[in-house]
Every structure is written in C-alpha cells, then in structure tokens.
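J.: Before I ask anything, here is the structure I am working with.
The values are calculated or read from the model by the stated rules, or taken from the named source; none is laboratory data. As the structure is a prediction and not an experimental result, all values here were calculated from the model. Here the Cβ positions follow ideal geometry from the backbone for every residue, glycine too, while neighbour counts run over all protein chains shown. Only protein heavy atoms, including side chains, enter the accessible area calculation; ligands, DNA and RNA are left aside. Shrake-Rupley method; radii C 1.70, N 1.55, O 1.52, S 1.80 Å.
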Amino acid sequence: MAPAADAVASGTRVGTVMSAIRERIAGRRLAPGARLPSIRAFAETMAVSKSTVVEAYDRLAAEGAIEARRGSGFFVSGPALPFSPADLGPRLERAVDPFWVSRQTLDAGDTVLKPGCGWLPAEWLPQESLRRALRALSRASDETLADYGTPLGLAPLRQWLSRRLAGHGIEAAPDQILLTESGTQALDLVCSLLVEPGDTVLVDDPCYFNFHALLRAHRVRIVGVPFGPSGPDLAAFEQVLAEHRPRLYVTNSGLHNPTGASLSPVVAHRLLKLSEPFGLTIVEDDIFADFELEPAPRLAAFDGLERVVQIGSFSKSLSASVRCGYIAARRDWIEGLIDLKIASSFGTGRMAAELVLGVLKDGGYRRHMDGLRTRLARTMGETAARLSAIGIEPWIEPRGGMFLWCRLPEGLDSAVIAQRLLAQDIVLAPGNVYSLSQSASRFMRFNVAQSGDPRLFAALGTMMRSR
C-alpha cells in the first residue's frame, strides 16, 4: 500500500474505533465511570492494531469523552453539567457600561446580529491567504513552533512595519518597534511604563470604550475632551491641559473610533504645539491604518516619536484570532517596555507573528485591502441611506473604515433601544459606552459590514415608529 493510502486507511480505522466507543457510551453499554476494554482486548475485537486503539483512545480522551487514569486504564467520563439554552442567550440584565458591547458581542452565537461589534465578518477577511500561511507555518522549523520569540519580536515583521510606518511619514527603525500580543496589550504596556495610579489621562469624548476600561484598571483619573469632525476641540484641549496637567493623551488620528472622523493637519499641528509646554505624551492608536482611502496626518510623523507613541495590531484587517500588535516609540522607552513585556508575558507569540508575516508577504494582501476598502465604501453608503430612511442620521461621512456614528431622533435613548433589541438577538453599540461625560445618549455606532441583514432595519424602524 502506498504511504498516502496507508495514512488514509489508518485514519479510517481510528475513526471506526472511536465510533464504536461512542456508540457504546450513547447506548449506555458503557456508563459514566465504566472502565473501557483494554487496548489489547479491543484491538482483537475490532481486528486492528494496538497502535490504532491507542490513538483512538487518546483522541477520545482529548475530546473529554473518556479519561485516562495512570496505571488503571481508560474510563468513561462523568456526565456533563446540565446545559441550559439560556447559556447561549444575551445577558439582558447587564448594565450598559464600557464592557457591555464587548461582552454581548463576544458571547453572541452565530444567529445573533452584531451591528455593534468592532470587527469584520469572517468572510470579509483574507481566509485563503491565512490558510496558505498556516500551511507554510506547519512546515516551519522546530524552534519556530516551540520556542519563545525574542524580546523585541520577529525581526522581519518589525522590518515590514518600519517600511509601512515610513509610508505614513513616520521614521521608526526596526529596533524602535516592539511586537506585542495585541493592540490592547500594547496600550497596557505603555500605560504601565508612563503612568502611575492617580495620574490624569486624557481621552477623546467619545472614544473607544475599552480605553475607559483599561485606564480604570490602571487606577488613573480619566478626563475627556470633546471630539469633532477634525479632531479634538482645541480650546477645550488647552483648558484641560492647564487645569488637569494630564500625563497621557490616548487617541486615534486616522478613522477615529467610534466617530469615523480623521484628524486634520491644522488640528494635528496645533495639538502638538499645545502639548509641548506640558510635557504631554500622546498614544496614537493606528489600528485602522490600512482601511483609509486617503491617509490622515499622523501625530507620530509630525513629532518624530519624541513624545508620541504609536500602537496598532492586525486584528481588524487579518484576523481577530491571530493576536499580534506593536508599539513604535523612542529607543529608551522601548528598553523599559521590553522589561515590562518580559515581566507580564515573558515572550512574544512567535507563531502568531510568523503567521501575520506570511499573510503580509502574500501578494494577495494588498489586493485584498484594495477590494475591502472599495467594498466598505459601497456598504457605508448603502447603510447610511437605509438608516437615514428610518430617521437615524450619520454624524459625518467617514473617509473610509467600517464605522458610522449616528444621531437618533430627539427623545430616544440609544441604551434603551440597545437593551430592547438585545431581546431580539441584535447587539447594538449605544453612544454613552463611548462617552466619559455620558453626553452621547442620542448616538449609536454602526459597523456597516455587520449591518446588512434586513432584520436590523425592520427592528429599528419599528422602534422609531413606536416612540
């Protein structure tokens, strides 16, 4: 028998043994806690080799159907805890806070609509490129598959990031770039390095809700500044600097989350000028860089990474399952960040970095992003029109990306609507989860890539008519 055919036959025999055990468990011939036949005895019963039974038992143990007891053999696992359909349902009673959208969208099943989530549908991502990179990774060296990565992270990926940053006017050598497990870990490390409990940190109002949650975990004082179509309100920004002397400012320059706005050159220049006398450090989250149709100015480019730190990740453009982010900063800060990274997570996920690099080097990634930007632009227009038709108006027309920040009619509270539609398996993103001042009750963020189902607009339309 040829090697390939032999492998197929072996796999079939293992499956046959596994099916026989499952049938005995399902038919109660093997009750919970019962001892399975010995490997030798069952090999004779099934007319297969002992190695086939060993593999079948190992796989069933990995599934949890049976368990191995050292020196005693294999036994049927005990009964599973009773399952309740409510375990899959939305948590209607949870308070609408900065964790609300994350918990609802991450817990949601496949039948739940998620126009409030912050990521693309799986079919919009470069699945074939990911599969090619996974196949290539499976042939990588033993060290790649088993060892920790270097403290800075995979050198070729840092070189790729250095070139991409240069495309935005940011000069960052590969040794000024630190790979992290995610964009969230990147911000967490920067906060650990630069702020102490009790320090003041400035955020946009509204801003990405997880900024609130993470900063509160660092026990800092959070102050908001109103954010407009061109960036933060400069008069309010100057006043906050003078009154509160914040240590850090966290923002998005390109495709701001949740508003979709882009920083203007005038505001960017003035913002840096205002910040300089106060020694303010700015963290620029650039996670949506590849989604821009026209690149916005970057604070890190104007500043030269002196008082601006840039962070990002690949969870939006490649896969949320592949956790890989980065920090670009001045060299003396990178040294401190490496120590913090080793203390908190020891090394970088080497396989994740290799997988990301494999996709980025794939010639299809550029074409994928070109097509994705076009698709999102078309979907943005369609979603805006459908929302406007039922009285929900976009705040601005974004220059790319997936988010529409929308205003509801007078008298409507987005949190109330979100809670009511959650009972219909629709997860929305109410405005006040993004607003430190709680001044966005009439706003809601829509992910246009997740808003194509007619049930969403039917439910919203019913809500608009019943107010």
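J.: Carbon-plus-sulfur fraction of the accessible area of the chain, 1.4 Å probe, in percent?
T.: On the way: 11240 of 21430 Å².
Summing carbon and sulfur atoms, their accessible area is 52 percent of the total for the chain.
J.: So, one more: Hey, if you drop one equal point scatterer on each alpha-carbon of the stretch 412-466 and run the Debye formula without solvent, what base-10 log of I(q)/I(0) do you get at q = 0.12 Å⁻¹?
T.: For the stretch 412-466 at q = 0.12 Å⁻¹, log10 I(q)/I(0) is -0.26.
J.: Something else now. With all pairs of different alpha carbon atoms counted, what Kirkwood hydrodynamic radius in Å does the chain show? Walk me through the intermediate numbers first.
T.: Working: mean 1/r = 0.0399 Å⁻¹.
It is 25.1 Å.
J.: Which of VAL96, HIS269, PHE237 sits farthest toward the positive end of the charge dipole of the chain, with +1 on the Cβ of Lys and Arg and -1 on the Cβ of Asp and Glu?
T.: Sorting the options by dipole projection puts first VAL96.
J.: Below 27 Å, Cα to Cα, which lysines can LYS361 reach? Residues fewer than 8 away in the same chain don't count.
T.: The reachable lysines, counting only those whose Cα sits under 27 Å from LYS361, are LYS316, LYS341.
J.: Determine, at each q value in 0.25 (inverse angstroms), the log₁₀ of I(q)/I(0) that the Debye formula gives when each Cα of the stretch 234-301 is one equal point scatterer.
T.: After summing over all Cα pairs, the log10 values are -1.16.
J.: Quick check on the chain: helices-only [θ] at 222 nm, where DSSP H runs of length 4 and up contribute -39,500 (n - 2.57) each and the sum goes over total residues. Nearest 500, please. If you can, show how the numbers build up before the last one.
T.: Numbers: 17 runs with 206 residues, N = 467.
Only helices count here, giving -13500 deg cm²/dmol.
J.: Oh, and also: Apply the Kirkwood formula to the stretch 331-467: the hydrodynamic radius equals the inverse of the mean of 1/r over all pairs of different alpha-carbon atoms; give it in Å with one decimal. Walk me through the intermediate numbers first.
T.: Values: mean 1/r = 0.0556 Å⁻¹.
Computed over the stretch 331-467, the radius equals 18.0 Å.
J.: In degrees from 0 to 90, rounded to the nearest 10, what is the angle of the helix 350-361 Cα long axis to the longest principal axis of the chain?
T.: Long axis of 350-361 versus the principal axis of the chain: about 70 degrees.
J.: Give the calculated FRET efficiency between LYS361 and ARG330 to the nearest 0.05, with a Förster radius of 30 Å applied to their Cβ-Cβ distance.
T.: Values: r = 28 Å, r/R0 = 0.94.
Given R0 = 30 Å and the Cβ-Cβ separation, E is 0.60.
J.: I've got another one for you. Can you tell me the FRET efficiency between ASP425 and ARG29 if r is taken as the Cβ-Cβ distance and R0 is 30 Å, rounded to the nearest 0.05? It would help to have the intermediate numbers written out before the result.
T.: Values: r = 40 Å, r/R0 = 1.33.
Taking R0 as 30 Å, the efficiency between ASP425 and ARG29 is 0.15.
J.: Hey, what did the chain get for relative contact order, percent, Cα under 8 Å, at least 6 apart?
T.: On the way: 790 pairs, mean separation 88.0, N = 467.
Dividing the mean separation by the residue count of the chain yields 19 percent.
J.: Moving to a separate point now. Please calculate how many Å² of accessible area the stretch 290-419 carries per residue, with a 1.4 Å probe and no DNA, RNA or ligand atoms counted. Walk me through the numbers before you get to the answer.
T.: Details: 5320 Å² over 130 residues.
For the stretch 290-419, the solvent-accessible area averages 41 Å² per residue.
J.: Mind ordering 415-421, 29-35, 381-387 by average Cβ neighbours within 10 Å, highest first?
T.: Working: 415-421: 19.3, 29-35: 12.7, 381-387: 17.3.
Per-residue mean Cβ counts within 10 Å order the peptides as 415-421, 381-387, 29-35.
J.: Further, regarding this structure: With a bin width of 10 angstrom, please list the P(r) values of the stretch 326-373 as percents of all Cα-Cα pairs, from the 0 bin to the one holding the largest distance.
T.: Answer for the stretch 326-373: a P(r) of 21, 33, 28, 18, 0 percent.
J.: Also: Among all the aspartates and glutamates, which ones have a C-alpha under 19 Å from LYS50's C-alpha, if same-chain residues fewer than 8 places away are not counted?
T.: Result set, ordered by chain and number: ASP6, ASP58, GLU67.
J.: Subtracting the Cα-Cα distance from 0.36 nm times the residue separation, let me have the gained length for ALA61 to SER138 in nm, one decimal.
T.: Taking 0.36 nm per residue and subtracting the Cα distance, the gain is 25.3 nm.
J.: Let me ask another. Among 392-399, 207-214, 315-322, how do they line up from the highest to the lowest mean number of other beta-carbon atoms within 10 Å?
T.: Numbers: 392-399: 17.6, 207-214: 21.2, 315-322: 19.8.
Per-residue Cβ counts within 10 Å, averaged per peptide and sorted highest first, yield 207-214, 315-322, 392-399.
J.: Is the shape of the stretch 183-253 best called rounded, prolate or oblate, per the rule: a/c under 1.5 gives rounded, else a/b larger than b/c gives prolate, else oblate, with a ≥ b ≥ c the square roots of the Cα gyration tensor eigenvalues? Walk me through the numbers before you get to the answer.
T.: Details: a/c = 2.14, a/b = 1.35, b/c = 1.59.
Taking the square roots of the gyration eigenvalues as a ≥ b ≥ c, the stretch 183-253 is oblate.
J.: If you take all C-alpha pairs in the stretch 296-369, what percent of them are over 14 Å apart?
T.: Details: 1897 of 2701 pairs.
Value for the stretch 296-369 (Cα pairs over 14 Å): 70 percent.
J.: To continue, here is another question. I'd like the orientation of helix 3-26 relative to the chain: the angle between its Cα long axis and the longest Cα principal axis, in ° from 0 to 90, rounded to 10.
T.: Roughly 90 degrees, rounded to the nearest 10.
J.: Which whole-angstrom value gives the distance between the alpha carbon centres of the stretch 451-467 and the stretch 224-251?
T.: Each part's Cα centre sits 36 Å from the other's.
J.: Using 7 Å Cα-to-Cβ label points, what is the GLU196/GLU397 separation (nm, one decimal)?
T.: In this crude spin-label approximation the distance works out to 5.1 nm.
J.: Then there is this: Using the Cα centre as the reference, give the magnitude of the dipole from point charges on the C-beta atoms of the stretch 121-280 (Lys, Arg: +1; Asp, Glu: -1; all else neutral), rounded to the nearest 20 debye. Let's see the in-between values first.
T.: Details: 14 positive and 17 negative charges, 50 e Å.
The dipole of the stretch 121-280 has a size of about 240 debye.
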